[in-house]
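Below is one structure, written out as structure tokens; the observations come after it.
The values are calculated or read from the model by the stated rules, or taken from the named source; none is laboratory data. Because the structure is predicted, anything quoted here is derived from the model rather than measured. So basically every Cβ, Gly included, is an ideal-geometry build from the backbone, and we count neighbours across all protein chains shown. For accessibility, only protein heavy atoms count, side chains too; no ligands or nucleic acids. Shrake-Rupley method; radii C 1.70, N 1.55, O 1.52, S 1.80 Å.
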Amino acid sequence: CKVQYCLDVYRRAPSVFSVAANGSLVQAKLYSMPGEGAFIVAFGDAKHTVSVQDEPGGALRLTIDGQAVTLEPERDPSLLATAYTGKLTRFLVEDGAHVDKGQPYAEIEVMKMLCMLA
């Protein structure tokens, strides 16, 4: 499911933030918990446990009250990239050629295995 949200977040104090979304504005206070990237977030009387983890490819994984959500950075469709680290062995299309969705465009070597990038 590819859903986009537009949020504006403003830091008001070291642990107080204002969050604007869909015409609403709420104040949130963060309380650090033991452990890396774990917080309690309070919105008025409601409190939620949140943990944050970096994922491969620049994504951010939030776990909110036990429910996991992955936030991925917007991708530029004109850039051809992969989340894998490897050695580029060859291009499969000419420079400047049009590449259709799902069409292999390069081959990389990852841990002695050849992988097609599409």
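Please identify the pairs in which a residue from the range 6-19 that is open to solvent by 70 Å² or more (accessible area, probe 1.4 Å) has its Cβ atom under 6 Å from the Cβ atom of a residue that is hydroxyl-bearing (Ser, Thr, Tyr), counting only partners at least 6 apart or on another chain.
Every condition considered, the pairs that remain are 10/18; 12/18.
Would you check which residues across the range 30-80 are farther than 30 Å from residue 97 by Cβ and of a type in the set (Asp, Glu) and list them?
Just the residues of the range 30-80 that are farther than 30 Å from residue 97 by Cβ, to begin with: 30-55, 60-71.
Across the range 30-80, the qualifying residues are 36, 45, 54, 55, 65.
Would you please name the residue that is least open to solvent (accessible area, probe 1.4 Å), looking only at residues in the range 68-96 that are part of a loop (DSSP other than H, G, I, E, B) and among the hydrophobic types (A, V, I, L, M, F, W, C)? So that I can check it myself, show each step before the final result.
Let us first name the residues in the range 68-96 that are part of a loop (DSSP other than H, G, I, E, B), namely 72-86, 92-96.
Filter again for among the hydrophobic types (A, V, I, L, M, F, W, C), leaving 79-81, 83, 92-93.
Values: 79: 117, 80: 99, 81: 83, 83: 73, 92: 62, 93: 35 Å².
Step by step, filter the range 68-96, then rank; the result is 93.
How many of the residues making up the range 58-115 are touching an Asp or Glu at 6+ places or on another chain (Cβ under 7 Å), hydroxyl-bearing (Ser, Thr, Tyr) and closer than 30 Å to residue 38 by Cβ?
1
Only residues in the range 99-118 that are open to solvent by 30 Å² or more (accessible area, probe 1.4 Å) count as the first member; pair them with residues that are charged (D, E, K, R), Cβ under 6 angstrom, at least 6 apart or cross-chain, and list the lot.
Final answer for the pair search is 109/87; 114/107; 116/107.
All but one of (1) of a type outside the set (A, V, I, L, M, F, W, C); (2) in contact with a helix residue (DSSP H, G or I) (Cβ under 6 Å, 6 or more places away or on another chain); (3) farther than 30 Å from residue 101 by Cα hold for residue 8; state the number of the condition that does not hold.
The number of the failed condition is (2).
Which residue is farthest from residue 12 (Cα to Cα), if the candidates are limited to the range 22-44 and must be open to solvent by 70 Å² or more (accessible area, probe 1.4 Å) and at pLDDT 90 or above?
Per the stated criteria, the residue is 32.
Out of 3, 99, which single residue is assigned to a loop (DSSP other than H, G, I, E, B) and at pLDDT below 85?
Of the residues listed, the single one that is assigned to a loop (DSSP other than H, G, I, E, B) and at pLDDT below 85 is 3.
Criterion first (surrounded by 10 or more Cβ atoms within 10 Å (Cβ to Cβ), among the charged types (D, E, K, R), modelled with pLDDT of 85 or more and not in a loop (DSSP other than H, G, I, E, B)) does residue 61 satisfy it? Before you say what the answer is, go through the steps one by one.
Numbers: surrounded by 10 or more Cβ atoms within 10 Å (Cβ to Cβ): yes; among the charged types (D, E, K, R): yes; modelled with pLDDT of 85 or more: yes; not in a loop (DSSP other than H, G, I, E, B): yes.
Yes.
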